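Here the structure comes first, spelled out in structure tokens, and everything after it is commentary.
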Amino acid sequence: MRRHRPYLDGVAAAAATFLLAVLLHAPLAAGEDEPPPWVLCGPYPPSGNYSKNGTYQVNLDLLSTTLPKNTSSSPAMYATGTVGDVPDKVYGLALCRGDANASACERCVAAALRDAPRRCPLVKDVLVFYDLCQLRYSNRDFFLDDDYFVTTYTLQRSRRVGAAAAAAFDAAVAVLVNATADYAAADSSRRYGTGEEEGVDGDSDRPKIYALAQCTPDKTPEVCRTCLSTVIGQLPKEFSGRTGGGMFGVWCNFRYEVFPFFSGRPLLQLPAFVETPPPPPSPSATSGEKTKNRIGTVLAIVMPAIAAILLMVVACFCCWKRIKKRRPEEQTFLSYSVSSDDIQSIDSLILDLPTIRVATDDFADTKMIGQGGFGMVYKGVLPDGQEIAVKRLCQSSRQGIGELKSELILVAKLYHKNLVRLIGVCLEQQEKILVYEYMPNGSLDIVLFDTDKNRELDWGKRFKIINGIARGLQYLHEDSQLKIVHRDLKASNILLDFDYSPKISDFGLAKIFGGDQSEDVTNRIAGTYGYMAPEYAMRGNYSIKSDVFSFGVLVLEIITGRRNTGSYDSGQDVDLLNLVWEHWTRGNVVELIDPSMGDHPPIEQMLKCIHIGLLCVQKKPASRPTISSVNIMLSSNTVRLPSLSRPAFCIQEVSASDSSNPYSERYPRPRHSGYSDNSTVVSSNDLSITELVPR
């Protein structure tokens, strides 16, 4: 039996909400183990039929000649189109799955346009889903902003896991599907994500799970996630215990299976879900004088022992406090609790040493791509063909196995497109090895500060890098399950993938804040001078605003192509912050823009980014914006930016007042021949990865 279920795509009006509540009682279109295509003929609201060889059919045939090519040639493989006039006007939409190539996309949409009229003869409104594409055509303008009702098709697998394992399996599915939905919503280019979650070895009811989520790319991240949340919310009701299924709608869809059903490696990889065991049941109460006597005897023996233990604990605590006063910075573990689930999540990432030796040709010198005080970094290839970066900590590293696991727990909990992904860890034969995804374009400093390579970074790529760093930082500060301060954000810790999308790396100095905590103090200053906020460099105070300061330095470096060499010494030559502020107040900051970007970059956008960078490096933490505010500033053309004061560490007086902003009324254009640049800085770093020093 086929049934229809509409859902809310955005924030609908009150009347629409009421109508939705009524419609939720209508049937849902569902199929059990049905192969594609999955077709809905005449979804809500009914649109009637058209006449054979009539005007509507002619218009539909015309749409069929253009929509496949328009879809496959679109960067996001998504297209809409209209043909004709009301009442015979045809509205069409096609979307190909994110792993489809252009030729497969075009073939799929063309096949859908051929098959749909045969499967739904003379029906004006048809919705059809294939493995690699989906199509809808209608006489109704269903993609208007106020059209919040669309129909979904539900695919259900008949095979189920055992009843005893159903709850754990359902929870594992929910974790994976939601994480994949988060990834898809954050994907600004395609709104597409795939994921894989490890199974439990030896348990046939806990196999590896694969998931896919996708929205039409014209949706905002918020609307996409709202749409996916609506359909994913049906998991407990429609998919409990089922080994696969999905819900497909016009604007979004998700699917999960226990076998790979998409092409390529998953974009997101999760460790096996480990169910938290229930607390042990309390023992049954017993009666009788014998039990009472036994309890009394036990108490008489145990209580003196407990008292003695408490005295020993108090004595040890006092000694520990004295030692801690003398050596305040020898506390080396992360400031959050480590549960057994956390350790098991790390254990699921364990790689054996022989596999890593084969991947790196036994750590051959020809495979080395970086080195430092922490050890060496090698490029490798796993048996499945995946390229990896292998970070081999030196034998003399102070970091032990327990501390290393604590560090890894942090990285294992983080999943974001702008954070480098941990693939595995090896802790065999005194080795301490971390395996990360390989970034073919290396670190940002290698490209940005090289006078030859920096020509690869046009303004489009640089703005993409700025945006990606800001999004990754917002995830750390506000959106992840943990509130994290990175503490070592710098150009060498920004890695670039094949299309120059940035990924924040190296969480060796990261700190986790719990609850409402917003700042902390340390006596052991660690990080990189030139990127440290003044309150951290001078007093050890750090917060999320410390990361914002580092981000501001990065923004100014990216725009100018110059490294910030400030060492916080008042005798230091003018550093980048001084240099930018001096030119800003004089009205000639465009002279500092990296000339390698050419003669005609978008000056207004660059000046806005310089303004944002200077906001982020204000002396007082309260004067710096949050990173979420920065993201709003970067994405909006209407937000008015706050006025500026002298940045931190500025030691040079300028004639203008500290709060002056000559760009508030006008943005001066560059000279016709380009920009002046009197310095050339070449990075000497091949790869920079800080040692995971525990706290």
Condition (residue is assigned to a loop (DSSP other than H, G, I, E, B), at pLDDT 90 or above and over 28 Å from residue 412 (Cβ atoms)) applied to segment 206-216: is it met by at least one residue?
yes
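Scan segment 197-220 for residues that are of a type outside the set (D, E, K, R) and surrounded by fewer than 16 Cβ atoms within 10 Å (Cβ to Cβ) and jot them down.
Residues of segment 197-220 that are of a type outside the set (D, E, K, R), as a first pass: 199-200, 202, 204, 207, 209-217, 220.
202, 204, 220 - these are the residues of segment 197-220 that are of a type outside the set (D, E, K, R) and surrounded by fewer than 16 Cβ atoms within 10 Å (Cβ to Cβ).
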Looking at (1) over 28 Å from the mean Cα position of the chain (by Cα); (2) outside any strand (DSSP E or B); (3) not assigned by TED's automatic domain parsing to the domain that holds residue 219, can you tell me which one residue 135 breaks?
(2)
Only one residue in 503, 464, 483 is among the basic types (Lys, Arg), crowded, with 21+ Cβ neighbours inside 10 Å and on the phi < 0 side of the Ramachandran plot. Which one?
503
Here, strands (runs of 3 or more DSSP E) confined to segment 463-532 with at least 2 residues that are over 14 Å from the mean Cα position of the chain (by Cα) and of a type outside the set (A, V, I, L, M) are 511-513, 519-521
So for segment 573-580 (the condition being assigned by TED's automatic domain parsing to the domain that holds residue 614, farther than 30 Å from residue 178 by Cβ and modelled with pLDDT under 80), does at least one residue qualify?
yes
When only residues in segment 231-251 that are without any contact (Cβ under 8 Å) to a residue 60 or more places away in the chain and not aliphatic (A, V, I, L, M) count, which is farthest from residue 179 (Cα to Cα)?
237
Restricting attention to segment 625-640, which residues are among the hydrophobic types (A, V, I, L, M, F, W, C) and surrounded by fewer than 18 Cβ atoms within 10 Å (Cβ to Cβ)?
632, 639
Could you grab me the full set of residues in segment 224-249 that are aliphatic (A, V, I, L, M) and surrounded by 24 or more Cβ atoms within 10 Å (Cβ to Cβ)?
228, 231, 247
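Going by what's in this entry, would residue 129 be described as surrounded by fewer than 21 Cβ atoms within 10 Å (Cβ to Cβ) and closer than 18 Å to residue 40 by Cα?
On the way: surrounded by fewer than 21 Cβ atoms within 10 Å (Cβ to Cβ): no; closer than 18 Å to residue 40 by Cα: yes.
Considered against the rule, which asks whether it is surrounded by fewer than 21 Cβ atoms within 10 Å (Cβ to Cβ) and closer than 18 Å to residue 40 by Cα, residue 129 comes out as no.
Which residues, counting only those in segment 171-205, are assigned to a loop (DSSP other than H, G, I, E, B), under 29 Å from residue 500 (Cβ atoms) and out of contact with any Ser or Thr (no Cβ under 9 Å at 6 or more places or on another chain)?
So in segment 171-205, the residues assigned to a loop (DSSP other than H, G, I, E, B) come out as 187-191, 198-205.
Filter once more, keeping what is under 29 Å from residue 500 (Cβ atoms): 187-191.
Passing the criteria: 187, 188, 189, 190.
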Filter segment 593-625 for residues that are in contact (Cβ under 8 Å) with a residue 40 or more places away in the chain, charged (D, E, K, R) and assigned to a helix (DSSP H, G or I) and give the result.
604
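Considering only segment 521-535, I want to know if a residue exists there that is buried (at least 24 other Cβ atoms within 10 Å of the Cβ), touching a residue at least 40 places away in the same chain (Cβ under 8 Å) and either of a type in the set (Lys, Arg) or in contact with an Asp or Glu (Cβ under 7 Å, 6 or more places away or on another chain) (or both).
No, that holds for no residue.
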With criteria (1) of a type in the set (A, V, I, L, M); (2) in contact with a Cys (Cβ under 9 Å, 6 or more places away or on another chain); (3) farther than 30 Å from residue 48 by Cβ, residue 128 comes up short on (3)
Could you run through segment 78-99 and say how many residues are surrounded by 16 or more Cβ atoms within 10 Å (Cβ to Cβ) and free of Cβ contacts under 8 Å to residues at least 60 places away in the same chain?
11
Examine segment 113-120 for a residue that is within 21 Å of residue 259 (Cα to Cα) and modelled with pLDDT of 90 or more, and state whether such a residue exists.
no
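The values are calculated or read from the model by the stated rules, or taken from the named source; none is laboratory data. All figures in this text were calculated on a predicted structure; none of them were measured in a lab. Cβ coordinates were reconstructed from backbone atoms using ideal geometry, including for glycine residues, and neighbour counts include every protein chain displayed.
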